[in-house]
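Contents: one structure, followed by commentary.
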Amino acid sequence: MTVIGLTGGIASGKSTVAKYLSDQGFVIIDADIASRKAVEVGTEGLAQIKKAFGDQVIRLDGSLDRKVLGNIIFNDSSEREKLNKIVHPRVRDIMESEKQQALAQGKIVVMDIPLLYENHLEHTVDEVWLVYIPLNIQIERLMLRNNLSQKEAQARIASQMSLEEKKEKADKVIDNSGSIDALQEQLRCLIQPYK
């Protein structure tokens, strides 16, 4: 069985690649979805976040206010580390369970993990595929997608390992700086051996 680690950077187009792979029959296990499950209303994860960051990060309906929490953690690495210690073990447990279920069914699994290298999870997959774009395009896309200033976009990008550094480590690099057609053509070639 094959387990592929799909990673990238914020606004690199990793979700577009994951959707394409899903459409081709690969099982996608998404760290972002698992992280939302880990902090749903009523979970121990959310209770721990409230304890660590206070009522300011909880909405009136009892759910997590991601924007408020994001403003705290994207500008302070110690606060980000505090959050990671709460969320990451829970996310890993959820993803591992989903991975084992898919492998038991004989599926090719794609672990969609934005912070794969930052969290030293490359040993949990057979190979790493990186969705890559140059920094200037990454900043532009993030500003446009999230309606951020250049400074806000740069702070979010700086909270992750650079795509240049990830490029040196990855087994396969998917260049997403061109058109969607160019991206899909790369992916068609890349998945051929796995069909």
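The values are calculated or read from the model by the stated rules, or taken from the named source; none is laboratory data. As the structure is a computational prediction, the values presented were derived from the model and not from experiment. Here the Cβ positions follow ideal geometry from the backbone for every residue, glycine too, while neighbour counts run over all protein chains shown. Only protein heavy atoms, including side chains, enter the accessible area calculation; ligands, DNA and RNA are left aside. Shrake-Rupley method; radii C 1.70, N 1.55, O 1.52, S 1.80 Å.
Here are some notes:
- Accessible area of the range 1-103 divided out per residue, in Å², using a probe of 1.4 angstrom: 52
- For residue 58, residues with placed amide H under 5 Å, excluding near neighbours: 65
- Computed from the C-beta positions of residue 100 and residue 65, the FRET efficiency with R₀ = 30 Å rounds to 0.35.
- GluC sites (Glu not before Pro) within the range 1-103: DSSP coil, no more than 15 neighbouring Cβ in 10 Å: 40
- Among 100, 138, 154, the residue with the largest mean-square fluctuation in a Gaussian network model of the chain, with springs joining Cα atoms closer than 10 Å, is 100.
- Percent carbon-and-sulfur accessible area, the chain, ignoring ligands, DNA and RNA, probe 1.4 Å: 50
- All other residues whose Cβ lies under 13 angstrom from that of residue 139 are scored, Lys and Arg at +1 and Asp and Glu at -1, for a net of +2.
- Axis of helix 135-146 versus longest Cα principal axis of the chain: the two differ by about 60°, to the nearest ten degrees.
- Highest-fluctuation residue, 162, 97, 35 considered, GNM on the chain with Cα pairs under 10 Å: 97
- Sum of side-chain charges, residue 13 neighbourhood, beta-carbon under 13 Å (Lys, Arg +1; Asp, Glu -1): +1
- Net charge over other residues, Cβ less than 12 angstrom from the Cβ of residue 174 (K, R count +1; D, E count -1): +2
- The orientation-averaged shadow of the Cα convex hull for the range 1-115, equal to a quarter of the hull surface, comes to 7.8 nm².
- Residue-span extension gain [residue 149 to residue 2] - 0.36 nm each, minus C-alpha spacing: 48.9 nm
- Under 5 Å from the amide H of residue 30 lie the amide H atoms of 112, each residue being 5 or more positions distant or on a separate chain, with H modelled from the backbone and absent for Pro and chain starts.
- Its convex hull of Cα atoms gives the range 127-186 a direction-averaged projected area, equal to a quarter of the hull surface, of 4.4 nm².
- Accessible-area value, residue 21, 1.4 Å probe, nucleic acids and ligands omitted, Å²: 0
- Pairs exceeding 29 Å between alpha-carbon atoms, taken from 50/107; 82/151; 99/195; 107/166; 99/169: 50/107.
- The label point for residue 24 and the one for residue 162, both projected 7 Å from the Cα toward the Cβ, are 3.0 nm apart.
- Over the C-alpha trace of the chain, radius of gyration and Dmax come out as 17.2, 50 angstrom.
- With Cα atoms, 0 to 90° folded angle of helix 44-53 axis to the chain main axis: 60
- DSSP-defined antiparallel bridges as percent of all bridges, the chain, nearest 5: 5
- Lys, Arg +1 and Asp, Glu -1 on Cβ, resulting dipole of the chain about Cα centre, debye, nearest 20: 300
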